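Notes for the one structure printed next.
The values are calculated or read from the model by the stated rules, or taken from the named source; none is laboratory data. Remember, it's a predicted structure, so these values are computed and weren't measured experimentally. A quick note on method: Cβ atoms are made from the backbone with ideal geometry, for glycine too, and the neighbour counts reach across all protein chains shown. The protein model used for the area step is the full one, side chains on, heavy atoms only, and it has no ligands, DNA or RNA in it. Shrake-Rupley method; radii C 1.70, N 1.55, O 1.52, S 1.80 Å.
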Amino acid sequence: MATLQTGFARIDVTPPLGTTLAGYYEVRHADGILDPLLATAIAFDDGDRRMVVISVDIIGFNQEMMNRVRKSIAERIGTEKEGVFVACTHTHLGPCTADSSGKIENEDYIEVLIKKLGDAAELAVQDFAPTQMFYARGRVEGVAFVRRFRMKDGAVRTNPGWLNPEIDHPLGTPDEESSLVILKREGKPEIGIVNFQVHPDVISGCKISADFPKFVRDTYERHIPDSRCMYINGTQGDTNHIDVSLDESCCRRGYRRAKYMGEKIAMSVLGNYELARPLDDGKIFFGQTNILVKYNKGRPEQIEEALRISKRYREVGNVAEAVPYAKGMRCTEIVAEAERIVKLMEMPDEKELYVTAVSVGEVVFAGFPGEPFTDIGRGVKRGSKFTVTIPACCANGYEGYYPMERAFDEGGYEALTARYACGTAEKLIETSIALINTFGEQV
């Protein structure tokens, strides 16, 4: 008889039409719904400790807001705040929760969303059943692509476009490993937790959608009778769906591309489902380490030009008009860098970031408050003592991009907009490994 108990719940958290959508440097409002946004909760109880893992289809919550969310949920289900792990899938067709200064947006909806996240956690606890855990791994090719490129003129560009003849080579390789944790429960539907890493910005437009994570969940549940699926997005800050080698005759983006991606991710682990290995149901551990990092402030000689660009951008509300001398993604890079410099001018020199993790038996969830580069996930998986390590982006906070040190020398959108200074990514890796490897005496 298993000693571990797990429970599952899923709640619709779709916002109303007219809601301000997240992502991009332009204001967008929802004018339709392609598919609902969901909050999926899995509660765990080992008899001594209780924790909950939640995956929600929004772009992210900042740390201040997440403090409130985690504290509220912890009180409702009878655990500590550190035992609440909320990871956002980072869909760009979900509600904006706050601007870069921390000001709450869509405030009425956010109040409802926070209550619904608590409801999902509480319903998951009510669904407890004895559980045994298993795991399988897979590999997904043709879904995630590094989006940073060295151009033939030596410059570094993010998303330089399909079939761009000026591309020389990508700066890195995607992490194509997928992971599956299976929770087989007595008398209840089994649960699959799927983990992969790629940016959910495939569809575009102004219609609400969970993007490819919807199709991961749908595909899994279609192939495994009486099952439920959670998707946890990994370290995706420098990858997306864009295969620059494709011509216009191919499905390069949009809803069909999101479906293709979600199905491939799910099938990568389902292909090894029958070979899944048992895991020790073990004990629950959780923790949080706060690290002090420096803001990535502008140099004195950059201030005047940044103020001018920022002022112009706010006047016209469009990156192309704000910097008409640039083209394509370069417009966004210039405006985004100026916005970062201006917004950080009045900030203190340092900021506290949360590195969080929860574990059960041989499985650990490692959370990062924002968009980590692929190599952060790779580094933590290499250094972890756990059999299965599930890195999660936008977990228990959203505070922007975390480029690796070399990216600050190379340039590109992510480094130009990163709120925190060079070396932060490496500090996140070191801190996360140290935290998770303190969990338990034997794993």
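A straight Cα-to-Cα reach below 19 Å connects residue 343 with the lysines 103, 294, 297, 311, 351, residues fewer than 8 places away in its own chain not being considered.
Charges only on Cβ, +1 for Lys and Arg, -1 for Asp and Glu: so what's the dipole of the chain about the Cα centre, in debye to the nearest 20?
Working: 54 positive and 65 negative charges, 60 e Å.
The dipole of the chain has a size of about 280 debye.
Farthest towards the positive end of the charge dipole of the chain, among the residues 366, 193, 395, is the Cα of 193, using unit charges on the Cβ of Lys, Arg, Asp and Glu.
Just round it to a whole percent: the fraction of Cα-Cα distances in segment 305-419 exceeding 16 Å. All intermediate terms of the calculation are to be shown ahead of the outcome.
Details: 4448 of 6555 pairs.
Distances greater than 16 Å cover 68 percent of the Cα pairs.
If you sort 226, 243, 12 by accessible surface, 1.4 Å probe, largest first, the order is 226, 12, 243. Note on surface exposure: 109, 402 rank 109, 402 by accessible area, highest first, 1.4 Å probe. Here the dipole of segment 330-443 is about 320 debye; that uses its Cα centre as origin and unit charges on the Cβ of Lys and Arg (positive) and Asp and Glu (negative). Counting only protein heavy atoms and using a 1.4 Å probe, the accessible area of residue 29 comes to about 90 Å². The Rg/Rh ratio of segment 1-138, with Rg taken over Cα atoms and Rh as the Kirkwood radius over Cα pairs, comes to 1.02. About the centre of its Cα atoms, segment 250-353 shows a dipole size close to 580 debye [charges on the beta carbon of Lys, Arg (+1) and Asp, Glu (-1) only; nearest 20 debye]. Taking each of 71/116; 81/427; 214/259; 71/184; 81/385 in turn, the alpha-carbon distance tops 19 angstrom for 81/427; 71/184; 81/385. Once you reduce segment 223-259 and segment 356-389 to the center of their Cα atoms, the two points are 22 Å from each other.
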